[in-house]
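Inspection log for the structure reproduced underneath, given as structure tokens.
The values are calculated or read from the model by the stated rules, or taken from the named source; none is laboratory data. Note that the structure is predicted; figures quoted are calculated from it, not measured. Note: ideal-geometry Cβ built from the backbone for every residue, glycine included; neighbour counts use all protein chains shown. Each accessible area value is taken on the protein alone, full model and side chains, heavy atoms only, with ligands, DNA and RNA left out. Shrake-Rupley method; radii C 1.70, N 1.55, O 1.52, S 1.80 Å.
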Amino acid sequence: PPSLRLTTSGISFGDLDKQGFDAKRYFDSMVRSGKLPDVVKRSKDLDSEVHNLDTEMQKLVYENYTQFTRAAGVISKMKVCIETLEPDIGRLEGNLCRMTQYEDQAEAGVTDNCQQLEKVLKRRQVCHKLEVLFGLPATLTRCLDREAYDLAARAYNCCSGFLAQHKHMASFEAIFKDVEHQIALVRSALEQRLRSKDLSVHVAVHDAGTLLSLDVRLPKVTQDYLSGRTAMLQETLEQFFSSAAKSGLAEPERDGGGATGSDAGEDSDKPPSKHEQDMLRPESVALSNVCSRAILRYLPCLIDAVEGLQKIQEGHRSPADAVADDGVVSEFVSARLGGLFEQLLKLVGLKCPPTRVLVTCMHSLRDALQPLRSRLPRLLSKLFVQFMNDVANSAVEGLFAAAAAASVSDLARLHGECHSLDMSVVKEQGAEGQVQSGRGSDIMEDVARSEHALIMSGFTALSECQPLLGLLEADAPGAERLVRKVHAQLGAFFLAIADICHVYVGQDPQEARQACYVPPDAPRLASTEVARFARLEWRGLFGLILVRMARHFEVKVIGKVWGVARDMFAASPVSVDLVVPPAVVKATRCAAQAVITHYTLIGGHRLAAYFRDTLQGRNWVSMKEPRDSLFLGRVVREMHTWDAELAQVLGDPRKSRERRSLTLFKNAMELEMERMLAKKVQTFALTPFNRNGVEVGIFRIGFKALYELVREGTFGKFGLQQIQVEGALLSAFVQEFIDSDDSGALCSLLSEAVTSASQRCIDPVLMDKSMVEALRQAKEKEFKLQ
């Protein structure tokens, strides 16, 4: 227990145990201080401590005594045992001495025999080695026959040093030559097998190590190894893509997670989603199958081949050869991946699948290349980025090529519909020139559907290009090039329609592009399909349909499509300003202009041919007095047909007109002025995009031909009057069809024809005005010209 440290008059209670303690003084001080209860308590504590110490001392003395008595008993027993063992120990000592003597005697007896035995064993070992040396050629032959090239290499390596060292000896010279010949055959067989495409990577690596142990140079072994791996991978690749064309309609390969059984039964009632429909398309199935096989078979084989090559080179190349070997690996990987990428590009270019399916397949391929990317990061990044660019550009080209081909095919079908359409049964109604024709209404509905389908083909190709940006997320310049590619292909899509127009009218589309300042490197879509329009028969209705479509594209569609493209790519980080190319708009307008001008030219030539046949088939000198028109009936029928086509396709109403007086009743000054104007009229001018302009052009060519034909003939009195009547009736008909601003020049051409006929007439006497007027009125009632 802790000591009490109470202090009274400088005396501490803690000093009780010190020597020289003055008890009396201590007691007196305690009495004076009145601390007797503390002293009593301290006394009791001391008694308790003394009692505890006595108890512990007794316990310790008892334990030590017990242990002492046990030790004494053990000592007494050991003394008795040692005393009884003394005789046995003495006998054992004597036996050990005798054994030592016997051992010394035996060693002395066998020393001479051991040396002799050692010599015999050495001679036996040498004889065994000689036996192996002399049997080495036969051993190599057996290994060569069994294709155990590894055993042959090990046997050769064990003996080659000794044979090379002692080849100057006659006994070993023949063996050395025979062994070298056999090992050369082994090397050749190993090299040939290493180049085989049927060898696994594990066996190929083992054979390469065997060749290296036979002192074949590492570059040669590497070349043979890569030749075999290249042949194997190339054969695998050819199998993939040869079967892709045959099994394009097969089910896509799955990794084992497809829905089957009851799950498929439960979903059978649900209509397939857009993505499922895209996945079931033949081109999607073909691409998915090829990518799955490449991921499961081709790429693992390529990765194993690269790992095997690295194992071959480990420990067998010097630091100086490291750079060259790395170049060999890079070249091998580039060639093999290049072959795979090239075949995939061909498959995509053959018929591009939906772009979302394409992007999914390309991302799966990228993920499968991660193990190879970890070994060759820079090379794989470069190759795959270039491949993604090529795939995206090829997909864009394929999408717009397919859209253009579908549009061209639809236009060719529309030409067939126009060919079978009979536009002869038409009737003019009212002042607006409306035409009743059931089949004509049907063809216009078909035209509207075809035009809508053509526009939607362009929109679909454009929208399908947007997911392709997902292939170029890490390549901003590539994404910018892709958007520019889309821009160029979109322009080429509309230029294909312009090319159809030029080819259909017999013009060179390339020259037409140059005239409209289209860049020389602008792509041409569906060029083969477009070229077929040159062999199609001319149909005026189809020509007008092309004019209508081209004008619609120029005015509305092109700007709208480019606006959609601008909005579609606005969210992407690509900074490309998609502006409508002026050359495309101009080329579309020029194409429409070429077709409508050709339409006018064909109509005018048709009238001219009719005038020629009529004039050259009669004797105008001996003709009787005119009672009817030779030209008007045919001209009216032809013009009604053209007017019906123009009204139906172009939708251009005819304006109300005022009847002009006949040129027959004008004075000499007016006639002379109109003749001068008629001579200056440009016959083959460009045709405006309206009905009146086309009809004016047709009449102008026909009447100009009539004027020239009249100048070649000779007329009698009634022949001249017949030409006079024809001019008057045709003038009346022209005023019905043509605006007053343009009819004057046409009537002047007819007046000039009458004047030319009078100049070539034997008896130039014109018919009386009243008779001409009577004939005109009769024909107006007959043909309902008013």
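Observations on the model:
- Over all Cα atoms in the range 39-150, the spread is summed up by Rg and Dmax: 41.3, 117 Å.
- The residues of the range 19-170 expose on average 84 square angstrom of accessible surface per residue, using a 1.4 Å probe on protein heavy atoms.
- Within the range 167-221: Cβ-based charge dipole about Cα centre, in debye rounded to nearest 20 (Lys, Arg +1; Asp, Glu -1): 200 debye
- Residue-normalised convex hull volume from the C-alpha trace of the range 482-532: 69 Å³ per residue.
- Cut-off under 5 Å, modelled amide H: who pairs with Phe715 long-range: Cys761, Ile762
- Sulfur and carbon atoms: percent of accessible area, the range 459-516 [1.4 Å]: 49 percent
- Using bins of 5 Å that start at zero, the share of Cα-Cα pairs per bin across the range 695-786 amounts to 3, 15, 23, 22, 21, 12, 4, 0, in whole %.
- With R₀ fixed at 30 Å, the C-beta to C-beta distance from His363 to Arg566 puts the FRET efficiency at about 0.65.
- Highest mean packing comes first when the peptides 370-377, 188-195 are listed by Cβ atoms within 10 Å, giving 188-195, 370-377.
- As a ratio to 2.2 N^0.38 Å, the alpha-carbon radius of gyration computed for the range 89-202 takes the value 1.95.
- Ordering of 494-500, 291-297 by burial proxy (mean other Cβ atoms within 10 Å per residue, highest first): 494-500, 291-297
- Accessible-area ranking of Met639, Met57, Met568, largest first, probe 1.4 Å: Met57, Met568, Met639
- Surface composition of the range 94-144: carbon and sulfur make up 59 percent of the accessible area, probe 1.4 Å.
- The largest accessible area among Met771, Met99 belongs to the first residue in Met99, Met771, and the rest follow in falling order (1.4 Å probe, all chains).
- Accessible area per residue in Å² at 1.4 Å probe, computed on the range 490-625: 46 Å²
- Solvent-accessible area of Asp22 with every protein chain in place, 1.4 Å probe, in Å² to the nearest 10: 80 Å²
- Taking the Cα centre of the range 100-221 as origin and assigning +1 to Lys and Arg Cβ atoms and -1 to Asp and Glu Cβ atoms, the resulting dipole is close to 680 debye.
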